[in-house]
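**Student:** Let me begin by handing over the structure; questions about it come next.
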Amino acid sequence: MDWRITDAEEWMLPQLEELEKLCFSLPWTIEQLRSQLPDEHHIFLTALEGEHLLGYVGMMYVLDEGYISNVAVAPEARRKGIGDALIEELMRRAELLGLAFVTLEVRQSNAPAASLYEKHGFTTVGKRKNYYDLPREDAVLMTYYRE
């Protein structure tokens with residue numbers, strides 16, 4: 001598998017929307033995804049094999065605060081280092097921006113994702129009761145603090 005990390009672009013939106021449907025019970029619409037495309041307040045990275053989308057990560061930032069919106073990897077591309085590479089590049093860019101912290105929510109039952117975030121220095125800082133729907137589930141709030 002020969003893939004690369006790149007900034008999301010408009011032409012990728014249909015594939016991003018399809019990946020949302022594969023990965024999430026309440027997927028974002030194409031309009032919501034469009035609003036996250038890279039600009040002065042968003043980083044939106046994709047993993048591509050040729051022109052085929054394998055995964056993505058998005059983050060909004062304000063001042064020195066970063067908020068990861070979604071992380072998704074296509075089911076057939078999981079366990080190949082794609083999520084790891086996406087988070088690594090996102091955190092590299094957060095460092096360049098001088099963000100004091102980056103935070104996210106993860107389903108309480110999603111141990112593989114939580115483990116990935118822990119690998120990148122995120123720690124559990126709280127819970128959000130009944131944060132997710134379909135199924136209803138608590139979120140674990142995880143944050144990376146720059147030293």
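Just so you know, all these numbers are worked out from the coordinates, no wet-lab data involved. Quick caveat, the model's predicted, so the values are computed rather than measured. Note: ideal-geometry Cβ built from the backbone for every residue, glycine included; neighbour counts use all protein chains shown.
**Student:** May I ask for the net charge around Pro75, where only other residues with Cβ less than 15 Å from the Cβ of Pro75 are counted and Lys, Arg are +1 while Asp, Glu are -1?
**Tutor:** Working: positive: Lys21, Arg78, Arg79, Lys80; negative: Glu18, Glu20, Glu49, Glu76.
Charge balance in the 15 Å sphere: 0.
**Student:** Run down the lysines and flag those whose C-alpha is under 22 Å from the C-alpha of Lys80, throwing out any fewer than 8 positions away in its chain.
**Tutor:** Leaving aside lysines fewer than 8 places away in the same chain, those within reach of Lys80 are Lys21, Lys119.
**Student:** Please compute the length gained on full extension between Ala100 and Glu18, using 0.36 nm multiplied by the number of residues separating them and subtracting their Cα-Cα distance. List each step's numbers first, then the result.
**Tutor:** Details: separation 82, 0.36 × 82 = 29.52 nm, distance 3.29 nm.
Additional length available on full extension: 26.2 nm.
**Student:** Taking the Cβ of Glu137 as the center, what net charge do the other residues with Cβ under 12 Å away carry, scoring Lys and Arg +1 and Asp and Glu -1? It would help to have the intermediate numbers written out before the result.
**Tutor:** Details: positive: Arg107, Lys127, Arg128, Lys129, Arg136; negative: Glu105, Asp133, Asp138.
Cβ neighbours under 12 Å give a net charge of +2.
**Student:** Measuring from label point to label point, each 7 Å out along Cα→Cβ, what is the Arg78 to His52 span in nm?
**Tutor:** Result for the modelled spin labels: 1.8 nm.
**Student:** Same structure, new question: What is the sum of charges around Leu99, taking Lys and Arg as +1, Asp and Glu as -1, for the other residues whose C-beta is under 13 Å from the C-beta of Leu99? Display every interim value, and only then the final one.
**Tutor:** Numbers: positive: Arg92, Arg93, Arg146; negative: Asp64, Glu65, Glu95, Glu147.
Overall, the nearby charge balance is -1.
**Student:** Moving on. Of the beta bridges DSSP finds with both residues in the chain, what % are antiparallel, to the nearest 5?
**Tutor:** Of those bridges, close to 90 percent are antiparallel.
**Student:** Let me ask something additional. Rank Gln108, Leu53, Tyr132 by how far each Cα sits towards the positive end of the charge dipole of the chain (+1 on Lys, Arg Cβ; -1 on Asp, Glu Cβ) and give me just the farthest.
**Tutor:** Gln108
**Student:** With the convex hull built on the Cα atoms of region 91-141, state its orientation-averaged projected area in nm². Don't skip to the answer; put the middle values down first.
**Tutor:** Values: hull surface 15.6 nm².
Answer in nm², one decimal: 3.9.
**Student:** Taking the Cα centre of the chain as origin and charging only Cβ (+1 Lys, Arg; -1 Asp, Glu), how large is the dipole, in debye to the nearest 20? Don't jump to the answer; show the numbers that get you there.
**Tutor:** On the way: 15 positive and 25 negative charges, 136 e Å.
Dipole about the Cα centre, nearest 20: 660 debye.
**Student:** Using a Förster radius of 22 Å, what is the FRET efficiency between Thr29 and Asp133 based on their Cβ-Cβ separation? Nearest 0.05, please. Write out the running numbers ahead of the final one.
**Tutor:** Values: r = 16 Å, r/R0 = 0.72.
In this case the efficiency is close to 0.90.
**Student:** If you take the C-alpha gyration tensor of region 1-47, multiply each eigenvalue by 5 and take the square root, what semi-axes do you get, largest first, in whole Å? Before the final figure, lay out each step's value.
**Tutor:** Numbers: eigenvalues 57, 49, 15 Å².
The answer is 17, 16, 9 Å, longest axis first.
**Student:** One-quarter of the Cα convex hull surface for region 62-122, in nm²?
**Tutor:** 4.2 nm²
**Student:** Under a no-solvent Debye model with one identical scatterer per Cα of region 4-145, what's log10 I(q)/I(0) at q = 0.11, 0.13, 0.16, 0.18 Å⁻¹?
**Tutor:** Each listed q corresponds, in turn, to -0.37, -0.53, -0.84, -1.09.
**Student:** Let me ask something else. 222 nm [θ] for the chain, helices only, -39500 (n - 2.57) per DSSP H run of 4+, per residue, to 500?
**Tutor:** Details: 4 runs with 41 residues, N = 147.
The per-residue figure over the chain is -8500 deg cm²/dmol.
**Student:** Measuring from centroid to centroid over Cα atoms, what is the spacing of region 90-108 and region 31-62 in Å?
**Tutor:** If you average the Cα positions of each part, the centres end up 14 Å apart.
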